[in-house]
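Everything below concerns the one structure shown next.
The values are calculated or read from the model by the stated rules, or taken from the named source; none is laboratory data. Predicted, not measured: the structure shown is a model, and the values here were computed from it. Here the Cβ is made from the backbone with ideal geometry for all residues, glycine too, and neighbour counts use every protein chain on show. Heavy atoms of the whole protein, side chains included, go into the accessibility calculation; ligands, DNA and RNA do not. Shrake-Rupley method; radii C 1.70, N 1.55, O 1.52, S 1.80 Å.
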Amino acid sequence: RDFTGYISCNIVRLFRNMPEIYFDGAVHESVDRSIKKLGNVMKTNIKIHHYQFEKGMNFQREKQLKYLKIYEENIDKYPNKARAYRDIGMTYYTFLNNYEKAFEAFKRSFELNSGSIKTYVGLGLCLIKLNRLQEAKKYLELGLDIEPENKQLNFLRNYADSKNKNQNL
């Protein structure tokens with residue numbers, strides 16, 4: 001937990017080597033869909049550490065730009081298009097500073113699945129960068145309807161509100 005960028009997430013990483021279990025997707029491949037067909041996924045206390053950011057931001061940027069190309073060329077093949085569009089949005093936002101394209105991708109993700117808090121955060125971030133503060137506040141409040149205690153959504157909503165008030169002085 002002392003490592004910068006540490007996050008905890010539940011991702012299937014250990015499984016039997018069986019033909020019925022296979023990776024799905026061209027980016028962020030996962031065995032989730034095939035393994036769930038076989039039964040329940042069990043949680044363990046085993047920790048697996050993945051130090052991807054140790055390779056540096058330049059490596060991460062190049063990797064994400066390759067993923068972006070793969071996503072855009074294969075978007076119709078993804079079973080979870082909402083997540084794919086959200087990942088596209090994050091790449092445009094984080095590595096290309098193209099907030100309009102990022103917003104378009106997050107909006108498409110939202111249209112496909114309006115239940116992802118990460119999508120509301122992405123929409124809010126883009127709209128704040130685009131100075132569309134009222135629209136940002138609207139999406140952030142929709143996210144807060146789902147998860148009222150979410151610190152990131154609350155912070156962004158308050159930031160958009162404060163920035164909007166300062167512009168109207």
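Per-structure values
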{"quantity": "Selection count, the stretch 57-74, where residues are in contact (Cβ under 8 Å) with a residue 24 or more places away in the chain and open to solvent by 60 Å² or more (accessible area, probe 1.4 Å)", "calculated": "1"}
{"quantity": "Test: residue in the stretch 128-143 that is of a type in the set (K, R), touching a residue at least 24 places away in the same chain (Cβ under 8 Å), surrounded by 18 or more Cβ atoms within 10 Å (Cβ to Cβ) and assigned to a helix (DSSP H, G or I)", "calculated": "yes"}
{"quantity": "One residue from K77, K107, K101 being open to solvent by 60 Å² or more (accessible area, probe 1.4 Å) and under 15 Å from Q64 (Cβ atoms)", "calculated": "K101"}
{"quantity": "Residue in the stretch 89-99 that is over 23 Å from D24 (Cβ atoms) and either in contact with a strand residue (DSSP E or B) (Cβ under 7 Å, 6 or more places away or on another chain) or among the charged types (D, E, K, R) (or both) present", "calculated": "no"}
{"quantity": "Count - residues of the stretch 110-127 that are touching a Lys or Arg at 6+ places or on another chain (Cβ under 8 Å) and in a helix (DSSP H, G or I)", "calculated": "6"}
{"quantity": "Condition met for S162 (hydroxyl-bearing (S, T, Y), in a helix (DSSP H, G or I) and buried (at least 18 other Cβ atoms within 10 Å of the Cβ))", "calculated": "no"}
{"quantity": "Given (1) modelled with pLDDT of 95 or more; (2) touching a helix residue (DSSP H, G or I) at 6+ places or on another chain (Cβ under 6 Å), number of the condition K81 does not satisfy", "calculated": "(1)"}
{"quantity": "Residues that are touching a Ser or Thr at 6+ places or on another chain (Cβ under 8 Å) and farther than 24 Å from K81 by Cα, drawn from the stretch 104-154", "calculated": "none"}
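This table checks each residue for (1) at pLDDT 90 or above; (2) out of contact with any Leu (no Cβ under 8 Å at 6 or more places or on another chain); (3) aliphatic (A, V, I, L, M).
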residue: N10; (1), (2), (3): no, yes, no
residue: I21; (1), (2), (3): yes, no, yes
residue: M42; (1), (2), (3): no, yes, yes
residue: R86; (1), (2), (3): yes, yes, no
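Residue-by-condition table, conditions (1) loosely packed, with under 10 Cβ neighbours inside 10 Å; (2) in contact with a Cys (Cβ under 7 Å, 6 or more places away or on another chain); (3) closer than 20 Å to K81 by Cβ:
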{"residue": "L14", "(1), (2), (3)": "yes, no, no"}
{"residue": "N17", "(1), (2), (3)": "yes, no, no"}
{"residue": "I21", "(1), (2), (3)": "no, no, no"}
{"residue": "D24", "(1), (2), (3)": "no, no, yes"}
{"residue": "V31", "(1), (2), (3)": "no, no, yes"}
{"residue": "S34", "(1), (2), (3)": "no, no, yes"}
{"residue": "L38", "(1), (2), (3)": "no, no, no"}
{"residue": "N45", "(1), (2), (3)": "yes, no, no"}
{"residue": "K55", "(1), (2), (3)": "no, no, no"}
